[in-house]
Amino acid sequence: MRVLTAGVFALAGLLFVTSFNTAKGTDLRTDASLLKLSDLIHERSRKNGELDESNAALRDQVESLAQPDDGRTTAEAEKLAGLEKDAGTQEVKGRAITVTLNDAPPDATAKLPGYPEPQPDYLVIHQQDLQAVVNALWQGGAKGIKVMDQRLISTSAVRCVGNTLILQGRVYSPPYKIQAVGDPEKLQQALADSPAIQNYMVYVNVYGLGWKVTEDGTVTLPGYSGTVDLHYAKPVE
């Protein structure tokens, strides 16, 4: 029994030394299957972006190869072009502004008297903040809106998980840039008139959340190039 016990301890010692020499102070379990979930999400986001670009290129090829005379009248063709423009699938050009939102510094404190010291939740951009900006810009007569590098359409959903934006299958981190084409004065007035943004500005002034509005001159927003298929739940039969 003593011999067996000694053998077990010797084997354990050999395994420990082998593991130490192999690791050299590093984590042995660092293969691709153990990547952080955030890394996997960002990798999938990158692939989704590449697929969107490929889809847009293929769509352009199909349209260029289509027969120019498909039986539509001039009036019908003009109506279709107008619908495509309203749907956000075509470029839109005009004067624009950009709104930039960013998290507050992690060590932020209350800058004005009478306000409590911030909770972590006070210092990050939330989904309702982005939605408030987008809604105000539409209210101000925006002809087209781009969030980060993607054009918004009627089915676009601005969603956040924590302070990470998920938009049309892609993931973004702050600072968030929202660009809108339209009358700059009307767009900025709509931002100022929004009650939700007025509430956001309290946090800007007290805790240092990021807020910046710039006029961009004349710009061209790209058309939406992603899928337009609708996905919805179905009852179990």
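The values are calculated or read from the model by the stated rules, or taken from the named source; none is laboratory data. All of these numbers come straight from a predicted model, not from anything done at the bench. Neighbour counts are summed over all protein chains in view; Cβ atoms, including those assigned to glycine, are modelled from backbone coordinates with ideal geometry. Only protein heavy atoms, including side chains, enter the accessible area calculation; ligands, DNA and RNA are left aside. Shrake-Rupley method; radii C 1.70, N 1.55, O 1.52, S 1.80 Å.
Looking at the structure I just gave you, is THR155 closer than 20 Å to ALA104 by Cα and either touching a Pro at 6+ places or on another chain (Cβ under 9 Å) or of a type in the set (S, T, N, Q) (or both)? Judged against the criteria, THR155 is not a match. Residue count for the stretch 96-134 under the criterion of being farther than 11 Å from TYR207 by Cβ and hydroxyl-bearing (Ser, Thr, Tyr): the result is 2.
Can you pull out every residue in the stretch 178-200 that is open to solvent by less than 20 Å² (accessible area, probe 1.4 Å) and assigned to a strand (DSSP E or B)? Once the filter is applied, which keeps residues that are open to solvent by less than 20 Å² (accessible area, probe 1.4 Å) and assigned to a strand (DSSP E or B), the stretch 178-200 yields ILE178, ALA180, VAL181. If you go through the stretch 110-130 and keep only what is part of a helix (DSSP H, G or I) and closer than 21 Å to THR98 by Cα, you end up with GLN127, GLN128, ASP129, LEU130.
ASN163 meets the conditions (1) modelled with pLDDT under 95; (2) over 25 Å from PRO116 (Cα atoms); (3) not basic (Lys, Arg) in every case but one. The failed one is (2). A residue that is assigned to a strand (DSSP E or B), in contact with a Phe, Trp or Tyr (Cβ under 8 Å, 6 or more places away or on another chain) and open to solvent by 40 Å² or more (accessible area, probe 1.4 Å) cannot be found anywhere in the stretch 131-154.
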